[in-house]
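The values are calculated or read from the model by the stated rules, or taken from the named source; none is laboratory data. Being a predicted model, the structure only gives us computed values, none of them experimental. No Cβ is skipped: glycine too gets one built from the backbone with ideal geometry, and neighbour counts run over all protein chains shown. Accessible surface is based on the protein model in full, side chains and every heavy atom, while ligands, DNA and RNA are left aside. Shrake-Rupley method; radii C 1.70, N 1.55, O 1.52, S 1.80 Å.
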Amino acid sequence: VLAKVNSENTSGIIISLNCETDFVAKNEDYIKLANEIADLALKHKSLDSLLNTDFKNITLKEKLIEQTGIIGEKIELKEFKRIDDNYVGFYVHAGNKIASLVSLSEKIEQSEELSKNIAMQVAAMNPISLDENNIDQKIIEKEIEIAKEQLRQEGKPESMLDNIAKGKLKRFFKDNTLLNQSYIKENKISVNSYIKSISPSIKVNSFSRVSLV
């Protein structure tokens, strides 16, 4: 998995080039190919566009088929993520198994450090959304039902279920939404509090994460 941003930090991409064994994944030619694809990906908006682009006189799709034949393992460009914003930063975890992108509402002096720290949070904690307002209502309803069922199993009366389930839902938001999570570098504060300590006006607009594990 590789992540790259353009020179202005206004666009970022993540790609995952998949093979079948660690032996191939650690091969210098394979790593070089992955980096060439990542550089090319910065010029494209979708996986389909990237696969059909010219790559040394053949399409990238054809190049991957060619490499599959040469290497003897299926080589597949499985993931392509892109974010465009006022500032985009990234983090790639050691071993290239996880990468993440984070976009900020503005560019400030500390944008690089801030975006990298938040991208590290995304890589480590795998939030499902930015905050509770961005979670699909079906997920919220499902979590409430799970909580209620657990409470019934514990013998709690029906009249108490709604209030206790709401408390459990708050915990779910804290654990699973980026801005409400405990900040991994200083777990006594939330990610949102860390961001505000850097700049009261700056916001995280979006994030993306790709993992092989």
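Compute for the stretch 10-70: radius of gyration divided by Kirkwood radius, i.e. Rg/Rh, restricted to C-alpha atoms, rounded to two decimals.
Ratio of gyration radius to Kirkwood radius for the stretch 10-70: 0.96.
On alpha carbon coordinates alone, what is the Rg over Rh value for the stretch 67-119, Rh being the Kirkwood radius?
1.18
Evaluate the relative contact order of the chain (contact order divided by residue number), counting alpha-carbon pairs under 8 angstrom at least 6 apart; express in whole percent.
23 percent
How much of the accessible area of the stretch 60-213, probe 1.4 Å, is carbon plus sulfur, in whole percent?
That fraction is 47 percent.
Tell me which lysines have Cα within less than 24 Å of LYS166's Cα, excluding those fewer than 8 residues away on the same chain?
Within reach: LYS138, LYS142, LYS148, LYS156, LYS174, LYS188.
If packing is taken as the average number of other Cβ atoms within 10 Å across a peptide's residues, how do 18-31, 1-14, 152-165 rank, most packed first?
The peptides rank, most packed first, as 1-14, 18-31, 152-165.
Give me the Å³ per residue figure for the convex hull around the C-alpha atoms of the stretch 1-142.
141 Å³
Using 0.36 nm per residue, how much length does the chain from SER199 to THR68 gain when fully extended, once their Cα-Cα distance is taken away?
42.3 nm is the gain from fully extending SER199 to THR68.
When the helices in the chain are scored as -39500 (n - 2.57) per DSSP H run of 4 or longer and the sum is shared across all residues, what 222 nm value do you end up with, to the nearest 500 deg cm²/dmol?
-13500 deg cm²/dmol
Non-local amide H neighbours of SER190 (under 5 Å, H modeled in plane, Pro and chain starts lacking H): which ones?
Amide H neighbours of SER190, under 5 Å, 5+ apart: TYR183.
Taking Cα atoms, how many degrees apart are the long axis of helix 158-176 and the longest axis of the chain, rounded to 10 and kept between 0 and 90?
Between helix and principal axis, roughly 30 degrees.
In whole Hz, what ³J(HN,Hα) sequence does the stretch 91-97 give by Karplus (6.51, -1.76, 1.60; θ = phi - 60°), x for Gly and Pro?
8, 10, 6, 3, x, 6, 9
Rounded to the nearest 10 degrees, what's the angle between the helix 111-125 long axis and the longest principal axis of the chain, both from Cα atoms, 0 to 90?
For helix 111-125, the angle is close to 70 degrees.
Once each part is reduced to its C-alpha centroid, what is the distance from the stretch 121-156 to the stretch 1-75 in angstrom?
Here the two parts' Cα centres lie 36 Å apart.
Just to confirm the number: angle between the C-alpha axis of helix 60-71 and the first principal axis of the chain, 0 to 90 degrees, nearest 10?
Helix 60-71 sits roughly 80 degrees off the main axis of the chain.
Compute the distance in nm between two label points, each set 7 Å from the Cα along the Cα-to-Cβ direction, one at ILE31 and one at GLN110.
3.4 nm
Got a sec to turn the phi values of the stretch 8-20 into Karplus ³J(HN,Hα) couplings, 6.51 cos²θ - 1.76 cosθ + 1.60 with θ = phi - 60°, whole Hz, x for Gly and Pro?
So the Karplus estimates, Gly and Pro as x, are 8, 6, 9, 9, x, 9, 10, 10, 10, 9, 9, 10, 9 Hz.
At 1.4 Å probe size, with every protein chain present, just tell me what the per residue accessible area of the chain comes to in Å².
Value for the chain: 57 Å² per residue.
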